[in-house]
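K.L.:
The structure's right below; bear with me while I get my questions together.
The values are calculated or read from the model by the stated rules, or taken from the named source; none is laboratory data. The structure presented is a predicted model; accordingly, all values stated were derived computationally and were not measured. We place every Cβ from the backbone using ideal geometry, glycine too, and count neighbours over all the protein chains shown.
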Amino acid sequence: MAKENKAVNEQVVDDPSSKIEAIKNLIFGDNIAAYNSEFEKVKKDIASKKKELEDFIDDTRKELNQAIDNLSTDINIRITELEDNLADKAETLDTKKVDKKTLGDLLISLGEKISQK
């Protein structure tokens, strides 16, 4: 078993990337763990803020769509009221005003009666 450990240790020592890792761990060991922990916290915080923003955007989109629907309904009601009001005004004008053709026919008829007498 001692030979196996020695062989594994020699592989680790001979591998340049593991040498670099060993040096990094010696120099920065505790700091890297702290940095990794901080980075994970920042990642989680960013993900949380992103989720909050997405939820806020969805809520705002729903509110805007609702406001647009309400405005559209209100505009349609007002247009209908204006159309009805315009139709009433046109009907009132028709009853108050004599049509030019009808007035012309009446005047011709009156003129004919006057000329016959």
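K.L.:
Could you pull out the residue among Ile68, Ile75 that is on the phi < 0 side of the Ramachandran plot and at pLDDT below 95?
P.N.:
That would be Ile75, the only listed residue that is on the phi < 0 side of the Ramachandran plot and at pLDDT below 95.
K.L.:
Continuing with this model, one more query. Looking at the structure I just gave you, is Asn9 surrounded by 10 or more Cβ atoms within 10 Å (Cβ to Cβ) and either touching a Cys at 6+ places or on another chain (Cβ under 6 Å) or at pLDDT 75 or above (or both)?
P.N.:
no
K.L.:
With respect to Ile114, determine if the residue is in a helix (DSSP H, G or I) and surrounded by fewer than 10 Cβ atoms within 10 Å (Cβ to Cβ). Quick ask: steps written out before the conclusion?
P.N.:
Details: in a helix (DSSP H, G or I): yes; surrounded by fewer than 10 Cβ atoms within 10 Å (Cβ to Cβ): yes.
So Ile114 fits the description; yes.
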